[in-house]
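Here is the structure we will look at.
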Amino acid sequence: DRQTLMAVLQFLRRSNLRESEEILRREARLLGDDLSAAALSPAGAALLGGPGGDADSGGEALLSRVTAAAAIAIGSSVATVASSSPGVAAVAAVPPGKGGARAGAAGSLPGAGGRLLPAGPRGLEGLCASRSLGGIVVEDQPDVSAVLSAYNQQGDPTLYEEYYSGLKHFIECSLDCHRAELSQLFYPLFVHMYLELVYNQHESEAKSFFERFHGDQECYYQDDLRVLSSLTKKEHMKGNETMLDFRTSKFVLRISRDSYQLLKRHLQEKQNNQIWNIVQEHLYIDIFDGMPRSKQQIDAMVGSLAGEAKREANKAKVFFGLLKEPEFDVPLDDEDEEGENEEGKPKKKKPKKDSVGSKSKKQDPNAPPQNRIPLPELKDSDKLDKVMNMKEAARRVRLGPECLPSICFYTFLNAYQGLTAVDITDDSSMIVGGFADSTVRVWSVTPKKLRSVKTAADLSLIDKESDDVLERIMDEKTASELKILYGHSGPVYGTSFSPDRNYLLSCSEDGTVRLWSLQTFTCLVGYKGHNYPVWDTQFSPYGYYFVSGGHDRVARLWATDHYQPLRIFAGHLADVTCTRFHPNSNYIATGSADRTVRLWDVLNGNCVRIFTGHKGPIHSLAFSPNGRFLATGATDGRVLLWDIGHGLMVGELKGHTDTIYALRFSRDGEILASGSMDNTVRLWDAVKAFEDLETDDFTTATGHINLPENSQDLLLGTYMTKSTPVVHLHFTRRNLLLAAGAYSSQ
């Protein structure tokens, strides 16, 4: 941007930094006369200072807006800023003698090659991005008219095809190492050039542009292109949310410095301003130093609606460790007391019990502070349940490649109401189904029937001091294997039992989340916050809190005793399709139809991780029991594995041929089970998948991931159902795998 350049030159001249000024002028190919002319022009004066042209303060203001981190130039007094965004390459000077000092590094972090990169996600882009077009500042304005006006016509519509094919020819003829990286430009440029033509009412040119080039785009953009092809008039763009998002969020490309320089040189030589303007206006280029990435490395990470995640997005610290378990004594079971070999038995149990109780002994270094978020107090019944859990865990089967779990499949037969959601209680005693006919049905899967509490009149007659008071309050006349809960007015898309088995959540197309009592089998609360269908809901592992996500693209955090949500997690560009709590309850993962997974901090509502790589909407999430890893499944039939601490993709499991609706780790995390619409359950070796991870500093800094092609080595078994898509998976406390789905007769 010439004006800005002039302003920077003026400032350098005022500050007597002749040498820096000369270098910048040579870079920008400007002569001395241009500078004085610019200084005289009102625009130059206005840019440098106010109307009177108070150049010093203005120049400083301008440079402070640039927040340029001056790079360290060894043995030289001048440093070029490593700009992490397309935009102005500003030059800041380091006074001689302070060769190693940071000059005005506003929150800068050392990048590769001894340079300092601007840490702000927008770096230098502030200058280019908030340029006002027609009096409207375009930076992140979700207002439709403001957003669309960014497409102010600058080029000759008939030349668009020429521009695009010229760039295409240049990229296809460039060296292999750059071609893969630069090919990422095809899709965002194609979309923006098409939208620009449509917005400026060159409908026939837009149509021919689309027909000529849409076939060149990657296959995973097909759905987006279908939406795009329906936008043929300016009026269509006004109501289209997807395209509005594409406009407001800059498409992120991660490109090595060499490839970026190559592109920049080509566009400047060709005077191809149209494309250069789009690159600056609508794309965010995250430049890294080092080797360009290979086609495989790029393919693994791209495919989401807004490109890749900026590297900055995954740098925040995440406390992924587990909270300390409360300590209480575990009484021996009756069997142990009866056994004569009293010494032998506990000895055999001890090492196993330690593996459960060891968490409680020492604090995990990666765990959040115990009181980081307020968690509910443990009731006596919870403690009793924990004791039961530990006893069960002592008898847990250690799984592994040599010892696979047995799988028990619950098939919903004649589910003509349409099964849309399933959940199983932690102790595997109840199973719930959400149906398209708006009912929620709860079954007991143990011989113990489901009973309601007696009426108030009957309860008043009970002796409250008796030992079996909890048994007496139950009404035997209500005992049955199945209870049906009526209340929703649309299909039920998500269900979740509370950890203490007293409550059940369900969310529906009617926009509400309902809380049901499993003591009375009635609805206690309807939470209204989403205005559109709610696709998923889940209780926190500690109870009390729960999360919901829906068509309005946000996830909400609730507490059972509040009518309003406590947090609203906004940032996805399409429906939030699935939600999961981290085992320590401090974080929530959300999967979306924008093909990204985000991790949110419950404490402050910030997004601390963005994972891109799936090529279709995400429908399942599972955290590993130790809290370090996340597995995600999508309509692309791939399971991706993520290291939460480093913010990196660490594995890809290929094998399913349809959407993956269920993922679950075994209780000790040795096995990952995945269930899909392709009617199979597959078991994967999670220990092997996560061992020997390469998470060195270089990988973390640049995101150069090398995924091992070892899906077949990790696949431990594939189990077919007759004709039942797998909707839910659950490992019992003893590591028996339960699966559920509705038989479909196609």
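Where a number appears in this text, it was derived from the coordinates with a stated rule and is not lab data. None of the values given here were measured: they were computed from a predicted structure. Because the Cβ atoms are built from the backbone with ideal geometry, glycine has one as well, and the counts that use them run over all protein chains shown.
Greater than 27 Å separation of Cα atoms is the criterion. Which listed pairs, Lys264/Lys295; Lys391/Lys448; Lys238/Lys315; Lys386/Lys722, meet it? Result: Lys238/Lys315; Lys386/Lys722 exceed 27 Å.
For the pair the range 199-255 / the range 500-564, the C-alpha centres are spaced 36 Å from each other.
Using the Cβ of Trp443 as centre and a radius below 13 Å, the other residues enclosed give a net charge of +2, where K and R count +1 and D and E count -1. Of the trypsin sites (Lys or Arg not before Pro) in the range 443-521, the ones in a loop by DSSP (not H, G, I, E or B) with at most 14 other beta carbons within 10 Å are Lys448, Lys449, Lys464.
The mean sequence distance of close C-alpha pairs (under 8 Å, at least 6 residues apart), as a share of the length of the range 489-730, puts its relative contact order at 10 percent. For the residue pairs Lys317/Lys528; Lys168/Lys654; Lys483/Lys528; Lys379/Lys449; Lys464/Lys528, the alpha carbons lie more than 27 Å apart in Lys317/Lys528; Lys168/Lys654; Lys464/Lys528. Assign one of three labels to the range 432-499, namely rounded, prolate or oblate, based on the Cα gyration tensor with a ≥ b ≥ c the square roots of its eigenvalues; rounded applies when a/c is under 1.5, prolate when it is not and a/b is larger than b/c, and oblate otherwise. It is prolate, given that a/c is not under 1.5 and a/b is the larger ratio.
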